[in-house]
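Notes to accompany the following structure.
Computed from the coordinates by the stated procedures, all read-outs in this text should not be read as laboratory data. Just so it is clear, the structure is predicted and the values come from calculations on it, not from any experiment. With ideal geometry, Cβ positions are generated from the backbone for all residues, glycine too; neighbour counts draw on all protein chains shown.
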Amino acid sequence: MQCRICSRDGKGALALCKGCSVRLRERLADLPSLHKEAHYCLQPQRGGYGTNTGEMTVGVNLSALDFVAGQTILNTLHEWEKVIRADRNLSPVALVPKQPTVEAEVSQTVKFHLSHLDWSLEQEWVDEYAREIAEVHSTGMTAARRFIDPVKRLPCPTTNDDGSTCNALIAVKGDDLFEPLHCRKCETDWTAARLIAVATNTPGIEIWLDTEAIAEWTGITERQVRNVVTKHKLERKGQLVDLQAFNRIRLRGRV
């Protein structure tokens, strides 16, 4: 059976492969630490003005503040806890004693999810569960300033003298749309924004990105990206989505 997250061949009837199952467990277990670390990141990083309008940013890191409040974690985990408790005929969430602090509440619900994870991995909904946990964890990584910048590679759309397309892969690190980029094959200079804009309008160019990268570069949430992919049955290669097909849906106003 293929893994519903990465499309690799798994073992037995489980919906997730071993690697994705391990990552799900690790992300769940990491949430209390991310919540704690976000407390130390409430003050925004120095850098002068935080917007392109010249206005001073507020004196607080809003992403960290939201994560510290706990709702980012608790809204998601409590909803899934309701599902698990109902399916396993356990006491409903409403009857569970409320913890005295947000930290204790986060810790308690994470412990619940970890204790039932082996059962959850056997359920039909585990792929959506894993994606939502990954989204919460990604938000926590940003709030706690644990930055892991994956290297993305995009094909160079430069037209050569003979009319062919360069297609050399250009590495794009992080999510800075104005990062200067250089194609070593055709010696063309780009920014990430211009590279994506030109590539998406060049016939024959394929751009495959993960849902997180598409969300970052289109300014919508990762969940919205996944919803579009699922609703319109867009082609996928493992965790990668065809950006060209996604953009065609957006241009038709169906996002």
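Odds and ends about this structure:
- Ordering 186-199, 126-139 by mean Cβ neighbour count within 10 Å, with the highest value first, yields 126-139, 186-199.
- Under a 5 Å amide H cut-off, with hydrogens placed 1.01 Å from N, VAL172 pairs with LYS152, ARG153, LEU154 among residues at least 5 apart or on other chains.
- Separation of alpha-carbon centers, the stretch 75-109 and the stretch 185-243, rounded to whole Å: 36 Å
- Taking PHE246, PHE178, PHE67, PHE112 and counting other C-beta atoms within 10 Å, the order from fewest to most: PHE178, PHE112, PHE246, PHE67
- Between ASP66 and ALA168, the C-beta separation translates, for a Förster distance of 45 Å, into a calculated FRET efficiency of about 0.65.
- Computed over the stretch 151-251, the ratio Rg/Rh where both radii use C-alpha atoms and Rh is Kirkwood: 0.97
- Extension gain (nm, one decimal) between HIS78 and TRP119, 0.36 nm per residue minus Cα-Cα: 13.1 nm
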